[in-house]
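**Q** To start, I am sharing the structure in question, which I have written as C-alpha cells.
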Amino acid sequence: MDADSILAAIFNFENYGELLVLVQNSIWAGAVLGLLGGLVGTFVMKRDLAFAVHGISELSFAGAAFALLVGADIVFGSLVGSVAAALLLGLMGVKARDKNSTIGVIMPFGLGLGILFLSLYEGRAANKFGLLTGQIVSVDTVQLTALAGTALAVIVALVAVWRPLNFASLDPELAEARGVPVRRLGIVFMVLLGISVALSIQVVGALLVLALLITPAAAALRVTSSPVAVVVLSVVFAVTATVGGILLALGGRIPISPYVTTLSFIIYVVCRAIGSVRAGKGINGRVLQAQ
Amino acid sequence: MKPVVSLTGASLKFGKRALWEDLDLDIKPGEFFAVLGPNGSGKTSFLKVLLGLQDLHQGRAALGGRPVERGSRLIGYIPQQKSFAQDTPMRARDLVGLGVDGHRWGLRLSPAKANRRIDELLELVGASDYAKVPVGQLSGGEQQRLRVGQALATDPKVLLCDEPLLSLDLHHQQAVSALINRQCRERNSAVVFVTHEINPIIDYVDRVLYLAGGRFKVGTPEEVMTTEVLSDLYGSHVEVIHANGRIVVVGLPDATTHHHAESHALAGEAA
C-alpha cells in the first residue's frame with residue numbers, strides 16, 4: 001500500500017453530500033454523546049476517577065461481548081456490565097484513589113472475559129471489532145431515540161445532584177459536616193458514570209472511552225479553573241471531537257474512533273500548551289498590588 | 001442568656017477507654033471557648049459530637065436548644081488545615097461558594113445573589129485579591145482565611161474550629177485567630193476552638209476545657225492553666241509558667257509530639 005492509497009483510506013470526501021444525509025442519525029448520536037461525555041467528564045476529573053472509567057469500560061466490553069454471543073441486545077449487555085462494575089467500585093468507597101489496585105485487578109479480568117466470549121462467537125468479525133473500537137455509522141432512528149433518551153435521563157439526574165456532588169467531590173470532609181450525603185452521592189455518580197460509559201462505547205469502543213469521558217474535561221481544566229467555563233469548554237471539546245470525528249471518518253474506510261481520539265488529543269495538547277505558557281508567565285488570577 | 005451549646009452528663013468511650021465522662025457544659029453566645037489537651041484526648045471527637053458525626057456513649061448534646069444533628073445550619077465549621085492538591089479544579093471564590101450554597105440540590109439558579117455573598121465573605125477575610133486563584137496555588141495561611149470565610153457563609157451561631165492555626169506561620173496565626181475573634185465579638189457567635197497551643201489565642205479566650213487522661217477541667221484560663229490543675233489531670237508533675245502574658249507548660253508526658261503536625265494527625269485519627 002503506497003502513501004496515496006493510505007491517505008485515500010483515511011480521508012475521502014467523494015460523494016460527501018450524499019453520505020452526510022445517510023449518517024445524520026450518527027452525527028446526532030455523536031453530538032449527544034459529546035454533551036454527555038463533557039458533563040460527566042468534569043466530575044470524573046474532580047473525583048479523580050480516570051482509571052475507574054477504564055476499568056468500567058473493560059467490564060462493559062465483557063457484557064457487550066456476552067450479549068453478542070448469546071444474541072441479546074449489545075447495548076443492554078454493555079449497560080449491565082458497566083453499571084455492575086461502577087456499583088462495585090462505588091460501594092467499595094467514596095473515592096477511587098485508594099482503589100486503583102482493585103481496578104487494576106478487575107480490568108484484565110473483564111477484558112479476558114470479553115475476549116473469551118468473542119472467541120466463542122461465530123458471527124461477523126466486524127461485530128467483534130466494533131465492540132473494541134466503536135461503530136456508529138449505522139445508527140437507526142430507534143437506536144438514536146433510545147440513546148438520546150438515556151443520555152437525557154443521565155443529564156437530568158446529574159443536574160439534580162450537581163451542587164452537592166460538586167461539594168462532596170472537592171471538599172468531602174466539610175460536605176459531610178454540612179449534612180451532604182457524601183457516600184450516597186458517590187454511589188449515585190458511579191451509576192451515572194456506568195451508564196455513560198456503556199453509551200460511549202457505542203461510538204468509540206471499549207478501548208477508547210477515555211477519549212470521550214476524560215480528555216475533554218482534562219483539556220478544559222488546563223485552561224480554566226472557573227467551574228462554569230470548565231463545563232462549557234469540556235462539552236464543546238467533546239462535541240467537537242465526536243461530531244468532527246464522524247464527519248472526517250465518513251469517506252474513509254476506517255472506524256471513527258481514531259478520528260475522535262486524535263481530535264480529542266490535539267485539543268488537549270493545545271490546551272496544555274496554553275496552560276503552560278500562562279503558568280510560565282505566572283498568570284493565575286491573583287490581583288497584584290502596585291508596588 | 002440561653003446557652004447555644006449544651007452538654008449534659010456526656011461521656012465518650014472508645015472500647016473500654018473513656019475519653020471523657022460525665023461532662024456538663026454550657027457555652028453561651030459570644031463566648032470564645034477553647035478546647036485544649038494532648039493528642040488523643042478527644043478534642044476532635046468533642047467537635048464531632050457537636051457536628052452530629054459522633055454519637056455520645058452517654059448523656060445529651062444540644063445545639064440551640066435542640067439535640068445535635070448532622071448538617072445543622074447553626075454551625076460553621078473550620079476543618080483541620082489540609083492542603084489542596086496543586087491542580088484541584090477550584091478557585092478561591094468557589095471554595096467559599098461551597099459554604100454558601102454547596103449543600104443545596106440542583107444548579108445555582110441565581111448566581112448574582114450567591115456571587116454578592118461570596119464577594120462579601122472574601123472581603124471580610126481579606127481574600128479578594130486572590131479570589132480567582134486556584135486553591136492549590138495558595139499558601140496554607142491563605143487557604144485557611146478562605147476556610148474562615150467559608151465557615152462564616154451562613155452567619156453561624158456556633159463556630160467550630162479544629163486546630164485552625166496548625167502549620168501556619170505567626171503572622172497568619174494572628175490574622176486567622178483575629179478573624180475568628182471578630183465573628184465572636186461582633187456577631188455574637190459562640191466559638192469552640194480546638195487547639196493544642198493556647199498562646200496564639202490567649203487574649204481572646206473566655207473559658208477553657210482541658211482534656212487529659214480521661215478526665216477534664218473547665219474554667220477560665222487563670223483557673224485551669226495552673227501547675228496544680230494540670231498536674232492533677234496528667235497524674236504527674238507538670239509545671240505551668242506564666243511569662244509576658246504567655247503560658248508555657250513544661251514537662252508534659254507527650255511533650256515530644258506536641259509540635260509535630262504529622263504525629264498529631266495520626267493521634268487525631270485514633271481520637
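**Q** If the cut-off is a Cα-Cα distance under 19 Å, which aspartates and glutamates reach B:LYS48, setting aside same-chain residues fewer than 8 apart in sequence?
**A** List returned: A:ASP171, A:GLU173, A:GLU176, B:GLU21, B:ASP22, B:ASP24, B:ASP26, B:GLU69, B:ASP162, B:GLU163, B:GLU269.
**Q** Within 10 Å of each Cβ in peptide B:89-99, how many partner chain Cβ atoms are there on average? Round it to a whole number, please.
**A** The per-residue average across the peptide is 6.
**Q** Under the rule of at least 5 residues apart or a separate chain, name every residue whose amide H is placed under 5 Å from the amide H of B:GLY37.
**A** Here the answer is B:LEU211, since their amide H atoms fall under 5 Å of that of B:GLY37.
**Q** Tell me, what HN-Hα J-couplings in whole Hz come from the Karplus equation 6.51 cos²θ - 1.76 cosθ + 1.60 at θ = phi - 60° for each residue of the range A:12-25, using x for Gly and Pro?
**A** Karplus-based 3J(HN,Hα) across the range A:12-25 equals 8, 10, 5, 6, 4, x, 5, 4, 4, 5, 5, 9, 2, 4 Hz.
**Q** Ranked by Cβ crowding within 10 angstrom, fewest neighbours first, how are B:THR195, B:THR154 ordered?
**A** With the sparsest Cβ surroundings first, the list reads B:THR154, B:THR195.
**Q** For a test of the definition: using alpha carbon positions, the gyration tensor, and the 1.5 limit on a/c, classify chain A as rounded, prolate or oblate.
**A** Oblate.
**Q** Highest mean first, how do B:173-184, A:42-53 rank when packing is the count of other Cβ atoms within 10 Å averaged over residues?
**A** Averaged packing, sorted descending, gives the order A:42-53, B:173-184.
**Q** Another question, then. Check which residues have an amide H placed less than 5 Å from B:TYR77's amide H, if you skip close sequence neighbours.
**A** Placed amide hydrogens put B:LEU160 under 5 Å from B:TYR77.
**Q** To continue, here is another question. In peptide A:217-225, how many Cβ atoms from other protein chains are near each Cβ within 10 Å, on average?
**A** What the average comes to for A:217-225 is 3.
**Q** Residue by residue through the range B:179-194, which ³J(HN,Hα) values in whole Hz follow from phi under the Karplus form 6.51 cos²θ - 1.76 cosθ + 1.60 (θ = phi - 60°), with glycine and proline marked x?
**A** Here the 3J(HN,Hα) series is 4, 5, 5, 4, 4, 5, 7, 7, 9, 6, 7, 7, 10, 10, 10, 7 Hz.
**Q** Could you give the distance between the Cα centres of the range A:54-80 and the range B:51-125, to the whole Å?
**A** 42
**Q** So which residue, out of B:ALA34, B:ALA61, B:ALA243, gets the largest mean-square fluctuation from a GNM of chain B using Cα contacts under 10 Å as springs?
**A** In this elastic network of chain B, the residue with the biggest mean-square fluctuation among B:ALA34, B:ALA61, B:ALA243 is B:ALA243.
**Q** Please give the charge dipole size of the range B:87-155, origin at the Cα centre, charges +1 on K and R Cβ atoms and -1 on D and E Cβ atoms. Round to the nearest 20 debye.
**A** Using only the charged Cβ atoms, the result is roughly 200 debye.
**Q** Then there is this: Run the reach check for B:LYS2 against lysines, Cα to Cα strictly under 16 Å, same-chain hits fewer than 8 apart removed. What comes back?
**A** Answer for B:LYS2, where 16 Å is the Cα cut-off: B:LYS28, B:LYS157, listed by chain and number.
**Q** I would also like to ask the following. Would you pull out the residues with amide H under 5 Å of B:LEU23's amide H, same chain only if 5 or more places away, H placed 1.01 Å from N?
**A** The answer is B:GLY9, B:ALA10, B:SER11.
**Q** A further question follows. Have a look at B:VAL5, B:PRO67, B:ALA178 and report the one farthest towards the positive end of the charge dipole of chain B, computed about the Cα centre with Cβ charges (Lys/Arg +1, Asp/Glu -1).
**A** Farthest along the dipole direction, towards plus: B:PRO67.
**Q** A further question on this structure: With charges only on Cβ, +1 for K and R and -1 for D and E, what is the dipole size of the range B:1-79 about its Cα centre, in debye, rounded to 20?
**A** Computed about the Cα centre, the dipole is about 220 debye.
**Q** Now a separate question. How long is the gain from A:ALA3 to A:LEU22 if the chain were fully straight, where each residue apart is worth 0.36 nm and the alpha carbon distance is subtracted?
**A** 4.0 nm
**Q** By count of other Cβ within 10 Å, fewest leading, how are B:ILE118, A:ILE106 ordered?
**A** Result, fewest neighbours first: A:ILE106, B:ILE118.
**Q** Would you mind giving the mean number of other chain beta-carbons within 10 Å of the Cβ of each residue in B:76-88, as a whole number?
**A** 2
**Q** Using +1 on the beta carbon of Lys and Arg, -1 on that of Asp and Glu, and nothing else charged, what's the dipole of chain B about the Cα centre, debye to 20?
**A** 1080
**Q** Quick one: order B:HIS171, B:HIS242, A:HIS54 by neighbouring beta-carbon count within 10 Å, fewest to most.
**A** B:HIS171, B:HIS242, A:HIS54
**Q** Quick one: 3J(HN,Hα) in Hz for the range A:270-283, Karplus 6.51/-1.76/1.60 with θ = phi - 60°, rounded, Gly and Pro as x.
**A** So the Karplus estimates, Gly and Pro as x, are 4, 4, 5, 5, 4, x, 5, 4, 4, 4, x, 7, x, 7 Hz.
**Q** Considering all projection directions equally, how large on average is the shadow of the alpha-carbon convex hull of the range A:70-201, in square nanometres?
**A** Taking a quarter of the hull surface, the average projection is 9.2 nm².
**Q** Return the calculated 222 nm mean residue ellipticity for chain A, to the nearest 500 deg cm²/dmol, obtained by summing -39500 (n - 2.57) across DSSP H runs with n ≥ 4 and dividing by the residue count.
**A** -25500 deg cm²/dmol
**Q** I'd like the distance separating the alpha-carbon centroids of the range B:196-231 and the range A:181-252, in whole Å.
**A** First find each Cα centre; the distance between them is then 54 Å.
**Q** Now for a separate question. Running a GNM on chain A with Cα contacts under 10 Å, which residue among A:LEU144, A:LEU79, A:LEU212 ends up with the highest mean-square fluctuation?
**A** The residue with the greatest mean-square fluctuation here is A:LEU144.
**Q** Is the range B:22-71 best put as rounded, prolate or oblate by its Cα gyration tensor, with a ≥ b ≥ c the root eigenvalues, rounded for a/c under 1.5, and otherwise prolate when a/b is larger than b/c, oblate when not?
**A** Oblate.
**Q** Sticking with this one: What shape does the protein assembly as shown take by its C-alpha gyration tensor, where a ≥ b ≥ c are the square roots of the eigenvalues and a/c under 1.5 counts as rounded, a/b above b/c as prolate, and the rest as oblate?
**A** Prolate.
**Q** Run the simple label-point estimate for A:LEU87 and B:HIS242 please: 7 Å along Cα→C-beta, distance reported in nm.
**A** The two pseudo-label positions are separated by 6.5 nm.
Only the coordinates and a few stated rules stand behind these numbers; no lab work does. Please read these numbers as outputs of a predicted model, since none were measured by experiment. Note that each Cβ is placed from the backbone with ideal geometry, even for glycine, and that neighbours are counted across all protein chains shown.
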